[in-house]
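For reference, the structure is listed below as structure tokens.
Coordinate-derived values only; no laboratory data. Source: prediction; values computed, not measured. Note that each Cβ is placed from the backbone with ideal geometry, even for glycine, and that neighbours are counted across all protein chains shown.
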Amino acid sequence: MDIVQRIFGFFNNQTVNNTNIIISDQYLNDLLKFQNNPSDVNQIVLSLYNLLTEEIGTVEKRVLPPEIEEKITFNNVIKYKLLIENNFSENGYYLDSAYESLDYDTPGRKKLFLSYINSLYLSVLGEYLKASTSSEKLEVIRGNSDNIITVVINKLLTKISNNSTGIEHISSESIEYNVIAIVCHAFVDCKVLENPNNK
């Protein structure tokens, strides 16, 4: 089985359309029950980081992070709400540890990694804004927040499926679960969707 099908064929019954996972309610329920292997998180974060080809040199404005529930409500996240809350309580520590490992040898790699995820989000948002008849950015975000998260997840899964060096031994379930956890964590860190404190 090729790596693209292995990664995108999570749970062997997941619908895949042009290397995009079709997120169903059953799929989200399965993810909530998935038993993650914490050592996989480090390897997946490092693998995705290694796929980045150029540093994003943006100056990051520091804004007080909102409460998770406030951000979920502000962005009208429905489908991913439980995964975001679960990720924060269950996997936040493992992801923070993986990011610290990235920065250990070469400081700044965590910022680059999160900036890359933010750039994916901004690119996806740009496509939604371009296709929208509304001129209100926040209205477009609130109307498409779950879809925007799904597209960012699919872009990361596509990137990792195109080059799985160093993670071939990790199960497709773990790869997919951890990529989704990375995006949920990026939501909490205000790299995906909008920060209510920026109003």
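Let me check I have the definition right: for the stretch 135-178, take the eigenvalues of the Cα gyration tensor, multiply each by 5, take square roots. What are those semi-axes in whole Å, largest first?
30, 10, 5
Want the number for E100 to S132: 0.36 nm per residue separation, take away the alpha-carbon distance, what's left? Spell out each step's value before the answer.
Values: separation 32, 0.36 × 32 = 11.52 nm, distance 3.87 nm.
Stretched out fully, the E100 to S132 stretch lengthens by 7.6 nm.
Using the Karplus curve 6.51 cos²θ - 1.76 cosθ + 1.60 with θ = phi - 60°, what ³J(HN,Hα) values do you get for each residue of the stretch 175-189, in whole Hz, with x for Gly and Pro?
4, 5, 4, 6, 5, 5, 4, 4, 5, 4, 5, 5, 4, 4, 7
Show the residues, 5+ positions off or on another chain, whose built amide H is closer than 5 Å to the amide H of S164.
none
Order of 40-49, 185-194, 136-145, 114-123 by packing, highest average Cβ count within 10 Å first?
Details: 40-49: 20.7, 185-194: 22.5, 136-145: 16.3, 114-123: 18.2.
My ranking of the peptides, most packed first, is 185-194, 40-49, 114-123, 136-145.
Please go through the residue pairs K81/K155; K81/K130; K33/K79; K33/K191; K137/K191 and name each one whose alpha carbons sit more than 18 Å apart in this structure.
Details: K81/K155 20 Å; K81/K130 26 Å; K33/K79 16 Å; K33/K191 26 Å; K137/K191 16 Å.
The pairs that break the limit, which is 18 Å between Cα atoms, are K81/K155; K81/K130; K33/K191.
Just to confirm a number: summing +1 for Lys and Arg and -1 for Asp and Glu over residues other than K81 whose beta-carbon lies under 13 angstrom from that of K81, what do you get?
Values: positive: K71, K79; negative: D25, E69, E70, E85, D146.
Once all neighbours under 13 Å are counted, the net charge is -3.
With Cβ to Cβ distances under 10 Å as the rule, what net charge do the other residues near Y121 carry (K, R +1; D, E -1)? Walk me through the intermediate numbers first.
Working: positive: K155, K191; negative: E194.
My count for the surroundings of Y121 gives +1.
Can you find, among S135, S171, H185, the residue sitting farthest towards the positive end of the charge dipole of the stretch 96-195, where Lys and Arg contribute +1 and Asp and Glu -1 at Cβ?
Toward the positive end, the furthest listed residue is S135.
Net charge within 14 Å of L156 by Cβ-Cβ distance, Lys/Arg positive one each and Asp/Glu negative one each, not counting L156 itself? Before the final figure, lay out each step's value.
Details: positive: K155, K159, K191; negative: E176.
Net of charged neighbours comes to +2.
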